[in-house]
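Undergrad: Sharing a structure here in structure tokens format.
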Amino acid sequence: MSFVHWIASDRPIPEVEPTGYRLATVREMMDLGVPPGDARWEEMDPDSTVLYAPDPKAVNVFSVKKCPSVPKSLQLHTRHRHVYALQVELDFEAALWVYIADLERETHIEIWNLRDGQDSDNVSVHTRYRSRSALNLADLEFPFYDNRCLRIG
């Protein structure tokens, strides 16, 4: 099982799409002269779609996506009804710090790190509370092997 990050909020918060990627067909990739990966372009269906990063240095894999409903693993742990899937590949703390700084000061959020697929009735979650004014970068350091929640208000 893996761990999943969530943000729960007392109000809607901005969604963030990952950037730097582009969808293209195999034919377009060949026309652009993009070198193939493990499979040769000629061996693939020319109308297949692939994900491509024209400039790998410009890729931002930070994303915040609204969940259509509160995930089962969170239902017993939060009262907030605005829940978002959080994905961060690199610099978790720094990316989250910048995102939180841009939220309205009145917004109360919870950042969750929970084991995916674990029975939510029997989950022990280490919870910390921080005011927005007392929050620092070290507070956002989550061990990725433990069920955790950071409540920020």
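The values are calculated or read from the model by the stated rules, or taken from the named source; none is laboratory data. These figures come from a predicted structure and were not determined experimentally. Note: ideal-geometry Cβ built from the backbone for every residue, glycine included; neighbour counts use all protein chains shown.
Undergrad: Could you please tell me which pairs satisfy a Cβ distance under 6 Å, a separation of 6+ or placement on different chains, a first residue in the stretch 138-150 that is more than 17 Å from Ile109 (Cβ to Cβ), and a second residue that is buried (at least 18 other Cβ atoms within 10 Å of the Cβ)?
TA: Every condition considered, the pairs that remain are Asn147/Leu114.
Undergrad: In this structure, does Ala94 turn out to be surrounded by fewer than 15 Cβ atoms within 10 Å (Cβ to Cβ), assigned by TED's automatic domain parsing to the domain that holds Phe142, of a type in the set (A, V, I, L, M) and in contact with a helix residue (DSSP H, G or I) (Cβ under 8 Å, 6 or more places away or on another chain)?
TA: For Ala94, the condition - surrounded by fewer than 15 Cβ atoms within 10 Å (Cβ to Cβ), assigned by TED's automatic domain parsing to the domain that holds Phe142, of a type in the set (A, V, I, L, M) and in contact with a helix residue (DSSP H, G or I) (Cβ under 8 Å, 6 or more places away or on another chain) - is met.
Undergrad: Additional query: Going by the conditions given, is Arg11 in a loop (DSSP other than H, G, I, E, B) and of a type in the set (Lys, Arg)?
TA: yes
Undergrad: Let me ask something additional. Confirm whether Ala138 is surrounded by 10 or more Cβ atoms within 10 Å (Cβ to Cβ) and either in a loop (DSSP other than H, G, I, E, B) or of a type in the set (A, V, I, L, M) (or both).
TA: no
Undergrad: Just give me the residues in the stretch 42-53 being at pLDDT 90 or above and hydrophobic (A, V, I, L, M, F, W, C), in sequence order.
TA: Within the stretch 42-53, Met44 is the sole residue that qualifies.
Undergrad: Can you find even one residue in the stretch 91-104 that is part of a strand (DSSP E or B), within 27 Å of Ala58 (Cα to Cα), touching a residue at least 12 places away in the same chain (Cβ under 8 Å) and among the aliphatic types (A, V, I, L, M)?
TA: no
Undergrad: Look at Lys72 and say whether it is of a type in the set (Lys, Arg), loosely packed, with under 13 Cβ neighbours inside 10 Å and under 18 Å from the mean Cα position of the chain (by Cα).
TA: yes
Undergrad: Next question, about the same structure. Just one of Val50, Val64 is assigned to a strand (DSSP E or B) and outside the structural domain of Glu110 (by TED's automatic domain parsing); which is it?
TA: It is Val50.
Undergrad: Filter the stretch 54-80 for residues that are among the basic types (Lys, Arg) and at pLDDT below 90; which is nearest to Cys149 (Cα to Cα)?
TA: Restricting to residues being among the basic types (Lys, Arg) and at pLDDT below 90, the top hit is Lys72.
Undergrad: If a residue must be surrounded by 17 or more Cβ atoms within 10 Å (Cβ to Cβ) and under 29 Å from Leu103 (Cβ atoms), how many such residues does the stretch 4-31 contain?
TA: 8
Undergrad: Can you say whether Ala24 is without any contact (Cβ under 8 Å) to a residue 40 or more places away in the chain, closer than 14 Å to Glu89 by Cβ and hydrophobic (A, V, I, L, M, F, W, C), as far as the supplied structure shows?
TA: Taking the combined requirement at face value, the residue does not satisfy it.
Undergrad: Confirm whether Lys72 is in the same structural domain as Ala138 (by TED's automatic domain parsing) and within 27 Å of Ala138 (Cα to Cα).
TA: no
Undergrad: Being in the same structural domain as Leu137 (by TED's automatic domain parsing) and either over 21 Å from the mean Cα position of the chain (by Cα) or among the acidic types (Asp, Glu) (or both): is that true of Glu42 here?
TA: On the way: in the same structural domain as Leu137 (by TED's automatic domain parsing): no; either over 21 Å from the mean Cα position of the chain (by Cα) or among the acidic types (Asp, Glu) (or both): yes.
So Glu42 does not fit the description; no.
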